1. Could you list, in sequence order, all residues of segment 153-180 that are buried (at least 18 other Cβ atoms within 10 Å of the Cβ) and among the acidic types (Asp, Glu)?
2. Free of Cβ contacts under 8 Å to residues at least 12 places away in the same chain, at negative phi and not assigned by TED's automatic domain parsing to the domain that holds LEU158: is that true of ALA245 in this structure?
3. Select the strands (runs of 3 or more DSSP E) contained entirely in segment 159-241, then report the ones holding at least 1 residues which are of a type in the set (Phe, Trp, Tyr) and in contact with a strand residue (DSSP E or B) (Cβ under 8 Å, 6 or more places away or on another chain).
4. Look through GLU97, GLU8 and report the one residue that is part of a loop (DSSP other than H, G, I, E, B), in contact with a helix residue (DSSP H, G or I) (Cβ under 8 Å, 6 or more places away or on another chain) and in contact (Cβ under 8 Å) with a residue 12 or more places away in the chain.
5. Answer yes if at least one residue in segment 130-152 is more than 20 Å from LEU79 (Cα to Cα), crowded, with 20+ Cβ neighbours inside 10 Å, in the same structural domain as VAL101 (by TED's automatic domain parsing) and not small (Gly, Ala, Ser), and no otherwise.
6. Determine which member of the set PRO51, PRO29 is under 21 Å from MET125 (Cβ atoms), at pLDDT below 90 and not assigned by TED's automatic domain parsing to the domain that holds SER111.
7. Report, ordered by the first and then the second residue, all pairs with beta carbons closer than 9 Å, sequence separation of six or more or different chains, a first member in segment 11-28 that is under 21 Å from SER39 (Cβ atoms), and a second member that is of a type in the set (S, T, N, Q) and at pLDDT 90 or above.
8. Here is a list of conditions, (1) modelled with pLDDT of 95 or more; (2) out of contact with any Gly (no Cβ under 9 Å at 6 or more places or on another chain), and SER181 meets all of them except one; can you say which number that is?
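The values are calculated or read from the model by the stated rules, or taken from the named source; none is laboratory data. Note that this is a predicted model, so its numbers are computed, not measured. Positions of Cβ are backbone-derived with ideal geometry, glycine not excepted, and every protein chain shown enters the neighbour counts.
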Amino acid sequence: RLVSLPAEIGFWTSITELSVASNKLRSLPVQLGLLTILSRLDIDNNEISSPPAEVVARGPSDVVDFMRRICDAKYTGTLNLSGKALKVVNPEVFDIEGLRVLNLSDNIISSLPDNFQKMTVLTEMTIANNHLSTLPPSFACCEQLQRLVLTGNRMASLPAEIGALVRLQHFEYQQQNPLLSPPETILSRGTKAIVEFLGSIFFAGRTQRLDLSAMGLSTIPPEVFSLLTLRKLTLDRNNLTALPASIQQLTSLE
């Protein structure tokens with residue numbers, strides 16, 4: 001039984017029908033995207049996870065289109081998988097060297113894999129209108145990111161990893177419900193202030209020091225109280241009138 005299809009299948013561009021049913025395939029090669037006249041594809045009774053089931057269910061033309069987009073992205077540096085009803089992101093996406101632009105908008109993705117370590121040249125990412133509640137830790141590796149669109153997801157707070165994106169210039173973040181953090185006093189000041197605020201939270205996990213002075217805060221952001229090893233907290237020149245009882249959770253403060 002077949003466990004894989006050769007990459008050379010991309011040279012068989014005259015194929016109109018392909019049947020590989022009842023094998024042990026777990027994925028299809030991206031070169032399948034080069035078979036532009038494929039009209040029948042039978043992959044029943046395999047254990048294929050790539051492309052995802054929601055793409056396979058829509059038929060050969062959608063499978064070919066999906067795989068072609070991934071294949072082309074290796075040369076263009078741009079990948080648009082918006083509006084594909086995706087629940088997950090294919091592992092192949094994170095293996096595309098030189099990927100600069102990634103669009104995953106208008107899907108039903110509830111979480112992103114923690115595989116962004118290789119996305120070091122990504123400059124633009126759009127993942128609006130999904131079901132995300134957070135971002136994975138490795139998202140902080142996207143240090144070249146200049147444009148990020150997260151609108152229409154399900155985040156209660158903006159993830160601290162965004163604070164590592166020091167080159168971010170354009171940021172759209174409005175969620176389905178009002179954000180709990182950053183506070184409106186930070187959000188109203190724009191992208192630079194948001195990144196600085198989140199950066200303070202993000203790097204405090206390493207330095208054990210957090211400086212939130214002169215940020216116009218009227219309350220202490222809730223994520224501060226998850227920094228249980230925090231040793232120094234600076235809150236000068238804000239609009240705080242009292243400290244919450246939860247400050248007692250920070251038992252390492254000096």
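1. If the condition is that a residue be buried (at least 18 other Cβ atoms within 10 Å of the Cβ) and among the acidic types (Asp, Glu), then GLU161 is the only one that fits.
2. Numbers: free of Cβ contacts under 8 Å to residues at least 12 places away in the same chain: yes; at negative phi: yes; not assigned by TED's automatic domain parsing to the domain that holds LEU158: yes.
Considered against the rule, which asks whether it is free of Cβ contacts under 8 Å to residues at least 12 places away in the same chain, at negative phi and not assigned by TED's automatic domain parsing to the domain that holds LEU158, ALA245 comes out as yes.
3. On the way: elements: 170-172, 209-211, 232-234.
The strands (runs of 3 or more DSSP E) meeting that bar are 170-172.
4. Numbers: GLU8 fails: part of a loop (DSSP other than H, G, I, E, B).
Testing whether each residue is part of a loop (DSSP other than H, G, I, E, B), in contact with a helix residue (DSSP H, G or I) (Cβ under 8 Å, 6 or more places away or on another chain) and in contact (Cβ under 8 Å) with a residue 12 or more places away in the chain leaves just GLU97.
5. No; the residues of segment 130-152 include none that is more than 20 Å from LEU79 (Cα to Cα), crowded, with 20+ Cβ neighbours inside 10 Å, in the same structural domain as VAL101 (by TED's automatic domain parsing) and not small (Gly, Ala, Ser).
6. On the way: PRO29 fails: under 21 Å from MET125 (Cβ atoms).
Of the residues listed, the single one that is under 21 Å from MET125 (Cβ atoms), at pLDDT below 90 and not assigned by TED's automatic domain parsing to the domain that holds SER111 is PRO51.
7. Within 9 Å, no pair qualifies.
8. Among (1) modelled with pLDDT of 95 or more; (2) out of contact with any Gly (no Cβ under 9 Å at 6 or more places or on another chain), the lone unmet condition for SER181 is (1).
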